[in-house]
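A short write-up of the structure that comes next.
The values are calculated or read from the model by the stated rules, or taken from the named source; none is laboratory data. As the structure is a computational prediction, the values presented were derived from the model and not from experiment. Positions of Cβ are backbone-derived with ideal geometry, glycine not excepted, and every protein chain shown enters the neighbour counts.
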Amino acid sequence: MNLEGKAPLPMPAPRQVDPQALAHEIVERLTYRIGKNATAAKPHDWLHAVILSIRDRVIDAWIKSTQKTYEEQGRRVYYLSLEFLIGRLMRDAASNMEMLDDVQAALDSLGVDLDIIAELEPDAALGNGGLGRLAACFMESMATVDVPAYGYGIRYVNGMFRQEISEGWQVELPETWLAHGNPWEFERREASYEIGFGGRVDPSEDENASLHQMRWRPAERVIATPYDTPIVGWRGGRVNTLRLWEAQPIDPILLDRFNAGDHLGALAESNRAEALTRVLYPADSSPAGQELRLRQEYFFSSASLQDIVRRHVQYFRDIHTLPEKAAIQLNDTHPAVAVAELMRILLDDHGLDFDEAWDITRRTFSYTNHTLLPEALESWPVPLFERLLPRHMQIVYAINSRLLGEARRSGKFDDHAIGTISLIDEGGERRVRMGNLAFAGSHSINGVSALHTDLMKQTVFADLHRLYPARINNKTNGVTFRRWLMQCNHGLFELIREAIGDRFMDDPEALRELDRFAADSAFQDKFAAVKHANKAALSNLLRQRVNARIDPSALFDIQIKRIHEYKRQFLNIIEAVSLYDQIRSHPEKDWVPRVKLFGGKAASSYHNAKLIIKLANDVARAVNHDPAVQGLLKIQFVPNYNVSMAEMMIPAADLSEQISTAGMEASGTGNMKFAVNGALTIGTLDGANVEMRDHVGEENIVIFGLTAAQVNERRAKGYDPREVIAQSRELAQALAAISSGVFSPDDPTRYKDLVQGIYDHDWFMVAADFESYSSAQRRVDALWQEPSRWIEMAVHNVARMGWFSSDRTIREYAADIWKVP
Ligand code: 26Q
């Protein structure tokens, strides 16, 4: 497949798309690639055969795209991310190749059920949450809007863990997504690189060597081998490459050791190399500062940079033109060491002088920040960094001295400010600040929502922003409407087409035309029927999976996301406890039947997050077994929330919970997916919720709680949660019930400390926002009791969310940051 640099070759004739020919192709793949006939084939074999048939068409388009990129000689985008949360690919690829209906018909004629085999495709979970899923949406959008792009990442053998719930507690199990092989990927051994670690640095032996040229002699080396997966854009227009690296030993087995009888020792090096890409770190907020993680980051950054530079030099022969031909986007700081790695390549391998190398580096890189949480800002102890990457440590010091020199000369900064700009945190154990390194090495630094970008300028990067005021810019996140509307919500998709035609399929902003139907009662009936069908489907699934009995006519209230204190699942549960209490005290009132669904994983070492999962399950058990609230309130924690589960839950939601402490959620993207699928949002003015309100209109969203500025002010003034709790009987009672063991009779003190945290400091403003949240929930109840009004609001949400397409986001990156046409 590597046609780069070669003359155009004759292409195979375009394949026909008709169901019969396709059925024939599928059977042919089954026979000659899998080695089975239709009678012997198991569902997995059919899945494989179908994927191979789709894949062959994708490959035709892939070759054309590669050829076109080569001929155009333009700038390419490299998206570097430690995470790509792609989920399943079959439906995505078939639908973007516009062959899903044909696949369906072909399989019907073969007596094979598409839905059954589609369920067997593993969900590629090479990511934690929002940041990883954003990278996957971006890959699809870059192919769609015709940006020549490569995604670079790690081919983890074990991606995100599988979550089981055992007696209410989260249990983590390894997920082996590659167990049945992966028909989407191609190993490219010819494009392997050596990656070094440790060792020492000597002056260059070259007598013409420049001042900064050194020779790094690593003590340890491993091989990085790429696996390529084609990513198809909408209507198959462009196919880009997702290139994931695997670590391999240089010597798979040390034969001299083996022959000497040391069988384990002979394999030790091999195991050590393979461990590098074995597992995804399942922490999304408080980074585990482990050496293996830094090794992963460098391994992947070095392999990607070597590949990018190799390709550039092969095509263009001149390293100086790199910034004109390559735009490298860093997805958070996880690949920030790539800045030092490019400097090393330019200085040591290409002999450039420092200024020249630094200029090329800064014009090539740009960096996306996804968090302001201090505990999530990545930094590495200097001794560890130095031991693992001695040459990079020197380069970081050299960059730092230049940076601080520039800052001092500007005359704008006192010593304290200089300290915050430094790449080295000198408070306590010295650490390398990866955010500052990424900032210094980039010409563009972007936030992921308008509010988050403003806060970046005021907080983490305040001084760097004063030094380089033109660098920070905003790119509000988006989601791909192909996966998150057209594929996952077929009913709504067809209803929209019937109402406004096909234009929204290519231009999501055309969804606006639905506004006209919002109050149309015939349309409303159909909209309600679609929502009901999606809820019934989810209800069936949950019956199979967890034996839950859920009435599809109740209000489906859903909070699905990673479990974190700032996301405030606890606030949601406390409100549920309070509602439970009120229903029991006033059974005569006209309560709205509600089903509250929770889903999400907790980082393995995050104690409070795991406790919140247990609490959700404990409260669910008490509520669901209490005949007093039967038919009025039901709570269910859905285990192992992942992309495929999201595709079932989001289309079934009536109410989307986006209730983070204002100022703490950088953007959110689940919020967007729910709104496009016709759920109403209950949310704070945080992240992209602010812009969603601006687009859907404040009358079509339920906003509550403190603003980011108010949160700041309360914290600064010395907020006392006890005062607030004393003023709210409902809150005090709910907290007392949880704390005293009403929901944990087997261990009455289980939630004592969790509740005590609210009394003592309440960092996340749960108490401060409780009354506002609770009355917002009663406003939701009132709206639900006017079904036509509810649906009207929901339709306005669908109609006005077009701007949140990741195609729009990618066009903004392309125009403002990458400068690709
Ligand atoms: C870092 C170092 C060591 C180990 C793990 C990590 C790590 C891994 C993943 C740190 C953070 C993450 C993930 C962060 C994330 O998903 N952030 C979310 O990004 C979304 C896309 O921009 C936003 O919508 C969310 O608001 C933000 O929380």
- Could you look through the stretch 261-295, keep only residues that are closer than 23 Å to Ala376 by Cβ, outside any loop (DSSP other than H, G, I, E, B) and touching a strand residue (DSSP E or B) at 6+ places or on another chain (Cβ under 8 Å), and pick out the one that is nearest to the ligand (Cβ to nearest atom)? Leu294
- Query: Which one is nearest to the ligand (Cβ to nearest atom), of the residues in the stretch 364-388 that are β-branched (Val, Ile, Thr) and under 27 Å from the mean Cα position of the chain (by Cα)?
  - Reply: Thr371
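Results for (1) among the charged types (D, E, K, R); (2) at pLDDT below 95; (3) out of contact with any strand residue (DSSP E or B) (no Cβ under 8 Å at 6 or more places or on another chain); (4) assigned by TED's automatic domain parsing to the domain that holds Ala646, shown as yes or no for each residue.
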{"site": "Glu4", "(1), (2), (3), (4)": "yes, yes, yes, no"}
{"site": "Leu9", "(1), (2), (3), (4)": "no, yes, yes, no"}
{"site": "Asp18", "(1), (2), (3), (4)": "yes, yes, yes, no"}
{"site": "Glu28", "(1), (2), (3), (4)": "yes, no, yes, no"}
- Item | Candidates Val313, Val337, filtered to the one that is more than 16 Å from the ligand (Cβ to nearest atom), assigned by TED's automatic domain parsing to the domain that holds Met142 and among the β-branched types (Val, Ile, Thr) | Val313
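Can you tell me how many residues within the stretch 560-586 are surrounded by fewer than 20 Cβ atoms within 10 Å (Cβ to Cβ) and not in a loop (DSSP other than H, G, I, E, B)?
Of the residues in that region, 6 qualify.
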- Conditions (1) in a loop (DSSP other than H, G, I, E, B); (2) not assigned by TED's automatic domain parsing to the domain that holds Ile51: number failed by Gly132: (1)
- Name the residue, out of Arg562, Arg545, Arg503, Arg584, that is touching a helix residue (DSSP H, G or I) at 6+ places or on another chain (Cβ under 6 Å), of a type outside the set (A, V, I, L, M) and in contact (Cβ under 8 Å) with a residue 24 or more places away in the chain. Arg584
- Task: Report, by residue number, each residue of the stretch 693-724 that is closer than 16 Å to Val798 by Cβ, in contact with a helix residue (DSSP H, G or I) (Cβ under 6 Å, 6 or more places away or on another chain) and assigned to a helix (DSSP H, G or I).
- Result: His695, Val696, Asn700
- Residue hits (the stretch 738-758; touching a helix residue (DSSP H, G or I) at 6+ places or on another chain (Cβ under 6 Å) and under 25 Å from Leu706 (Cβ atoms)) are Ile738, Ser739, Tyr751, Leu754, Val755, Ile758
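Wholly within the stretch 135-190, which strands (runs of 3 or more DSSP E) include no fewer than the required count, namely at least 1 residues that are within 18 Å of Tyr79 (Cα to Cα) and at pLDDT 95 or above?
Numbers: elements: 149-154, 162-166, 169-173.
Of the strands (runs of 3 or more DSSP E) lying wholly inside the stretch 135-190, those with at least 1 residues that are within 18 Å of Tyr79 (Cα to Cα) and at pLDDT 95 or above span 149-154.
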- Test each condition in (1) in contact with a Lys or Arg (Cβ under 8 Å, 6 or more places away or on another chain); (2) crowded, with 18+ Cβ neighbours inside 10 Å; (3) in a helix (DSSP H, G or I) for Lys596 and report the one that comes out false. (3)
- Task: Identify all residues within the stretch 485-534 that are part of a helix (DSSP H, G or I), loosely packed, with under 14 Cβ neighbours inside 10 Å and not aliphatic (A, V, I, L, M); write none if there are none.
- Result: Glu494, Glu498, Arg503, Arg516, Ser521, Asp525
- Do we have any residue at all in the stretch 725-740 that's assigned to a loop (DSSP other than H, G, I, E, B), out of contact with any Phe, Trp or Tyr (no Cβ under 9 Å at 6 or more places or on another chain) and not aliphatic (A, V, I, L, M)? no
- Task: Starting from residues that are in contact with a helix residue (DSSP H, G or I) (Cβ under 6 Å, 6 or more places away or on another chain) and small (Gly, Ala, Ser), keep the ones in the stretch 133-175 and report whichever is farthest from the ligand (Cβ to nearest atom).
- Result: Gly168
- Among the residues of the stretch 369-386, is any free of Cβ contacts under 8 Å to residues at least 40 places away in the same chain and touching a Ser or Thr at 6+ places or on another chain (Cβ under 8 Å)? no
- Task: Take Ser728 and decide whether it is farther than 26 Å from Arg789 by Cβ and within 16 Å of the ligand (Cβ to nearest atom).
- Result: no
- Hey, Pro218 hits all of (1) touching a residue at least 24 places away in the same chain (Cβ under 8 Å); (2) under 25 Å from Ile395 (Cβ atoms); (3) buried (at least 17 other Cβ atoms within 10 Å of the Cβ) but one; which does it fall short on? (1)
- Breaking point among (1) at positive phi; (2) surrounded by fewer than 14 Cβ atoms within 10 Å (Cβ to Cβ), for Gly236: (2)
- Query: Here is a list of conditions, (1) surrounded by fewer than 24 Cβ atoms within 10 Å (Cβ to Cβ); (2) within 16 Å of the ligand (Cβ to nearest atom), and Gln658 meets all of them except one; can you say which number that is?
  - Reply: (1)
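Identify, from the list Val780, Val766, Val798, Val742, the residue that is touching a residue at least 40 places away in the same chain (Cβ under 8 Å), touching a Gly at 6+ places or on another chain (Cβ under 6 Å) and assigned by TED's automatic domain parsing to the domain that holds Thr661.
On the way: Val780 fails: touching a Gly at 6+ places or on another chain (Cβ under 6 Å); Val766 fails: touching a Gly at 6+ places or on another chain (Cβ under 6 Å); Val742 fails: touching a Gly at 6+ places or on another chain (Cβ under 6 Å).
Within the list Val780, Val766, Val798, Val742, the selection yields Val798.
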- Task: For the stretch 662-677, indicate whether the set of residues that are surrounded by fewer than 24 Cβ atoms within 10 Å (Cβ to Cβ), at pLDDT 95 or above, more than 16 Å from the ligand (Cβ to nearest atom) and among the polar types (S, T, N, Q) is non-empty.
- Result: no
- Taking the stretch 462-484 and keeping residues farther than 30 Å from Pro651 by Cβ and in contact with a helix residue (DSSP H, G or I) (Cβ under 6 Å, 6 or more places away or on another chain) leaves Asp463, Leu464, His465, Leu467, Ile472
